[in-house]
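Novice: This is the structure I want to talk about, given as structure tokens.
The values are calculated or read from the model by the stated rules, or taken from the named source; none is laboratory data. Source: prediction; values computed, not measured. Every residue, glycine as well, gets a Cβ built from its backbone with ideal geometry; the counts of neighbours run over all protein chains shown.
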Amino acid sequence: MVGATGSGKTDLSIRLAQHYGAPVLSTDSRQIYRGLPIGTAQPDQAQLQAAEHHFIASHEITQDFNCGEYEVQALALLERLFATHGTVIAVGGSGLYVRALCEGMDDLPQADVQLRAQLAGRMEREGVASLAEELRRLDPEYYEQVDRSNPARVQRALEVCLQTGKPYSQQRLGVRRERPFDIVKVGVDMPREVLYERIDRRVDAMMEAGLEQEARAVYPFRHLNSLQTVGYKELFEWFDGAISREQAVELIKRNTRRYAKRQLTWFRRDAEIGWFAPDDLDGIVEYADSHGAGGEVVRH
């Protein structure tokens, strides 16, 4: 199950999990980290108890984790889960993690630890614009495609260019790998104005729930890729004295809305996704059952 942040995927995935007696597999690139329950909107304790969850608070923020590693770990986990379950509910809004699970990632080189540390240092000193400019010089094709406000993606593409001496875009083959299970893709959708109102309310609720204290606890690690995330970056600017608290909150709302728009743009390119309202459980079940081949099905 995919969709924009704030669209109600978590609640719906739990209802689906209970319907199928299935575990839930997160495809969210930030909910995997410990110490970030509020800012990444991880399922709360009641939700975690309502269904078996995986890849929620499973890794430390200091761990260097990417889509390729997610693919390997998620497929190994699915093999174990399918030994006792006919269906697994995969849910999340991170497009690359969804692609890694369903289609596989290109065989790019493993990160050079020394080079990654050098680029991370540059990122901290000079900002993402400096790395993006070098990426533009080395790979103008990918520069035009990449989300240049996403430091992790810019840095990884530049790493590959520098490691291999070849443009990153030429190494992204996009060859789809076969999976030993059936996949039914479901998307959660709602009118844009309703989604944006939900996002604004959720940001206010996060602040009331203690997002500021959560961000202060991880502030010493603000240079890590795991924390180059909406909700934390804006609060770090406030802690640094660059903006006010009120400005930080408004920026979180604005940047979350922009992120949601990018998520929907990404997922709407996938013609295999069937779109439903977040309260249409019956419609989703009917769609999933009619599109599944029986046996082992990942419904996401």
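The rows are residues; the columns are (1) buried (at least 16 other Cβ atoms within 10 Å of the Cβ); (2) touching a helix residue (DSSP H, G or I) at 6+ places or on another chain (Cβ under 7 Å); (3) modelled with pLDDT under 90.
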residue	(1), (2), (3)
57	yes, no, no
60	no, no, no
67	yes, yes, yes
78	yes, no, no
84	no, no, no
89	yes, yes, no
98	yes, no, no
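Novice: Another one. Which of (1) within 27 Å of residue 126 (Cβ to Cβ); (2) in contact (Cβ under 8 Å) with a residue 12 or more places away in the chain; (3) of a type in the set (A, V, I, L, M) is the odd one out, the single condition residue 243 does not satisfy?
Specialist: Going through the list (1) within 27 Å of residue 126 (Cβ to Cβ); (2) in contact (Cβ under 8 Å) with a residue 12 or more places away in the chain; (3) of a type in the set (A, V, I, L, M), residue 243 breaks only (2).
Novice: Quick one: in segment 130-167, which of the residues that are over 22 Å from the mean Cα position of the chain (by Cα) and of a type in the set (Gly, Ala, Ser) is surrounded by the most Cβ atoms within 10 Å (Cβ to Cβ)?
Specialist: 130
Novice: Which condition breaks for residue 13 when tested against (1) crowded, with 24+ Cβ neighbours inside 10 Å; (2) assigned to a loop (DSSP other than H, G, I, E, B); (3) hydroxyl-bearing (Ser, Thr, Tyr)?
Specialist: (2)
Novice: Which count do you get for residues in segment 280-300 that are surrounded by 13 or more Cβ atoms within 10 Å (Cβ to Cβ) and either part of a helix (DSSP H, G or I) or at pLDDT below 95 (or both)?
Specialist: Qualifying residue count for the region: 14.
Novice: Moving on. Could you go through segment 216-235 and let me know if any residue there is free of Cβ contacts under 8 Å to residues at least 40 places away in the same chain, within 19 Å of the chain's Cα centre (by Cα) and in a helix (DSSP H, G or I).
Specialist: yes
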